[in-house]
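Asks: Next up is a structure, given as structure tokens.
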Amino acid sequence: MSINKNEKITIGLFGFGVVGQGLFDVLHDVQTADACIKTICIKDESKKRTVQDKIFTTDADLVLNDPEINLVVELIDDADAAYGIVKQSLLKGKSVVSGNKKMLAYHLEELIQLQKKTGAALLYEASACGSIPVIRSLEEYYDNDLLQSITGILNGSSNYILSKVFSDNKDYNEALLEAQELGFAESDPVFDVEGYDSLYKSVILALHGLGTYVHPDEIVNIGISNLSSFDVRFAKEKGGKIKLVAEIRKLPGDKFSIFVLPRLVKADEYIYSVEDEYNGVVVQGQFYDKQFMFGKGAGGHPTGSAVLSDITARKHNYRYEYKKRNYHNLPEYTRDFDVEVYLRYHDAAELAHFEFESISEKYTGPEFNFVVGKITINNLHRIKNLLPSMNVFLAVTGSLLRTS
């Protein structure tokens, strides 16, 4: 559905949590947006809200079938429900703005085809890095094959925890509790601290950066929940700190990699100074070297502003062209390459799961043991579902990748 230049944007909003409320506030304060929310579809109508009750409904069809609503904004947590809302909206010819990175990561291929079929558009800047316009930058500015890598801290919750551990000398559990009390982390923090949030964002960024879609299940993501004081001491002795980092990198032979892993970051790297709930993304090109984007990656108002940016873009009938997908030779995803990692483990049985190509450093102590060595991402992918049950912590020691 195209929106006439003189036509007001009339929004049907799904979800009124932190981001939905943030969007509502931002729209109220930004008078130049020329957009209004007509109906808000919610799950629990008994919940007390500060907004007038008559705008709320629990009937999705009141939004989807309303001819006055020319833009659907989907901001709910449930990825399956979000998929249903987005798909139905596109099939009805209604354009959509979404912030659900998990839903997008699993269904982008189908949703791209639906946009082609119906002519409706799907925008989702808020799904990647909150207030940082990284998707549109990859889509519009870095729209050639010179892009070499995208490296970033994509999750504000895990970054806040790690900041408190390294800067304030708090232990992991204390930092996690503080993040939860401040609303940066959920009561069940697995989505953030085990790297799933960053994983889903990486799928989206890879598609816009390189043109190739990779299913989330094919990507290695390992989190920070097993971080110990021993690991913190190791990182500090090496002159760095640990960050949860997503990396998308071109490899020789028209191939590329994606992984989300804890990483030892040194002071000369841009992301070293990204602290608290902030995100930072480094884009490196063949001739323009490194460019750094920084901003708040979470919170109602920062993310709401990203949603508003997409709403305003639809006013001008902006849509993603997925330009790089038109290239003749799209790079092929691979896990067949080596990284150097630090692995802290408890006993030999745990170490046996890791098939190191070589080991350059080894320590055996009364409480903790560790090795530093070269291992394939394929091996980590094979055992990643076993890791949560093991008393181990793993971190990449640097950014250098070597093909197997």
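The values are calculated or read from the model by the stated rules, or taken from the named source; none is laboratory data. Quick caveat: nothing in here was measured; it's all calculated off a predicted structure. Neighbour counts run over all protein chains shown; Cβ positions are idealised from the backbone, glycine included.
Asks: With respect to residue 305, determine if the residue is among the hydroxyl-bearing types (Ser, Thr, Tyr) and more than 25 Å from the chain's Cα centre (by Cα).
Replies: No: the conditions fail for residue 305.
Asks: Right, next: Specify the residue that is surrounded by the fewest Cβ atoms within 10 Å (Cβ to Cβ); the eligible residues are those in region 128-175 that are in a loop (DSSP other than H, G, I, E, B) and among the acidic types (Asp, Glu). Steps first, please.
Replies: Filtering region 128-175 for residues in a loop (DSSP other than H, G, I, E, B) gives 130-133, 142-146, 154-155, 168-171.
Those left that are additionally among the acidic types (Asp, Glu): 143, 145, 168, 171.
Working: 143: 15, 145: 17, 168: 10, 171: 13.
Checking each candidate, the answer is 168.
Asks: Still on this structure, I have one more. Here's a check for you: in region 169-187, which residue that is closer than 16 Å to residue 299 by Cβ and small (Gly, Ala, Ser) is modelled with the highest pLDDT?
Replies: Once the filter is applied, the top-ranked residue is 179.
Asks: Now, a different point. Go through region 334-371 residue by residue and tally those that are under 28 Å from the mean Cα position of the chain (by Cα) and not polar (S, T, N, Q). Outline the logic, then answer.
Replies: Applying the first criterion (under 28 Å from the mean Cα position of the chain (by Cα)) to region 334-371 yields 334-344, 354.
When the remaining residues are screened for being not polar (S, T, N, Q), the result is 335-344, 354.
Result for region 334-371: 11.
Asks: Is it the case that some residue within region 204-212 is closer than 23 Å to residue 333 by Cβ, of a type in the set (Val, Ile, Thr) and in a strand (DSSP E or B)? Steps first, please.
Replies: Going residue by residue through region 204-212, those that are closer than 23 Å to residue 333 by Cβ are 204-212.
With of a type in the set (Val, Ile, Thr) added as a condition, the list becomes 204, 212.
Still in the running and in a strand (DSSP E or B): none.
No, region 204-212 contains no residue that is closer than 23 Å to residue 333 by Cβ, of a type in the set (Val, Ile, Thr) and in a strand (DSSP E or B).
Listed here are the residues, each with its yes/no results for (1) of a type outside the set (A, V, I, L, M, F, W, C); (2) in contact (Cβ under 8 Å) with a residue 12 or more places away in the chain.
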{"site": "9", "(1), (2)": "no, yes"}
{"site": "13", "(1), (2)": "no, yes"}
{"site": "37", "(1), (2)": "no, yes"}
{"site": "49", "(1), (2)": "yes, yes"}
{"site": "67", "(1), (2)": "yes, no"}
{"site": "72", "(1), (2)": "no, yes"}
{"site": "76", "(1), (2)": "no, yes"}
{"site": "80", "(1), (2)": "yes, yes"}
{"site": "83", "(1), (2)": "yes, yes"}
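Asks: Here is a follow-up. Search region 10-35 for residues being outside any loop (DSSP other than H, G, I, E, B) and more than 28 Å from the chain's Cα centre (by Cα), and hand back the single one that is modelled with the highest pLDDT.
Replies: Pass one, region 10-35, residues outside any loop (DSSP other than H, G, I, E, B): 10-14, 18-29, 31-33, 35.
Among the residues that remain, those that are also more than 28 Å from the chain's Cα centre (by Cα) are: 10, 31-32.
Values: 10: 95, 31: 65, 32: 63.
This residue is 10.
Asks: Starting from region 268-292, keep only residues that are more than 21 Å from residue 138 (Cα to Cα), then list their pairs with residues that are of a type in the set (Ser, Thr, Tyr) and surrounded by 19 or more Cβ atoms within 10 Å (Cβ to Cβ) whose Cβ atoms are within a distance under 6 Å, requiring at least 6 positions of separation or different chains.
Replies: Taking only residues 6 or more apart or on different chains, the pairs are 275/163; 276/160; 276/163; 277/160.
Asks: Consider residue 379 carefully, then state whether it is within 21 Å of residue 244 (Cβ to Cβ) and either in a loop (DSSP other than H, G, I, E, B) or touching a His at 6+ places or on another chain (Cβ under 6 Å) (or both). Give the steps one after another, and end with the answer.
Replies: Values: within 21 Å of residue 244 (Cβ to Cβ): yes; either in a loop (DSSP other than H, G, I, E, B) or touching a His at 6+ places or on another chain (Cβ under 6 Å) (or both): no.
Taking the combined requirement at face value, the residue does not satisfy it.
Asks: Would you pick out the residues in region 197-220 that are closer than 18 Å to residue 172 by Cβ and not small (Gly, Ala, Ser)? Lay out the reasoning, then the answer.
Replies: Start the filter on region 197-220 by keeping residues that are closer than 18 Å to residue 172 by Cβ, which leaves 197-198.
Listed by number, the list holds a single entry, 197.
Asks: Return yes or no: is residue 309 in contact with a helix residue (DSSP H, G or I) (Cβ under 6 Å, 6 or more places away or on another chain), at pLDDT below 95 and either crowded, with 19+ Cβ neighbours inside 10 Å or within 30 Å of residue 97 (Cα to Cα) (or both)? Before the answer, list the steps.
Replies: Working: in contact with a helix residue (DSSP H, G or I) (Cβ under 6 Å, 6 or more places away or on another chain): no; at pLDDT below 95: yes; either crowded, with 19+ Cβ neighbours inside 10 Å or within 30 Å of residue 97 (Cα to Cα) (or both): yes.
In short, no.
Asks: Under 8 Å between Cβ atoms, which residue pairs at least 6 apart in sequence (or on different chains) link something in region 148-175 that is closer than 20 Å to residue 127 by Cα and in contact (Cβ under 8 Å) with a residue 40 or more places away in the chain with a partner that is of a type in the set (S, T, N, Q) and part of a loop (DSSP other than H, G, I, E, B)?
Replies: These pairs meet every condition: 151/399.
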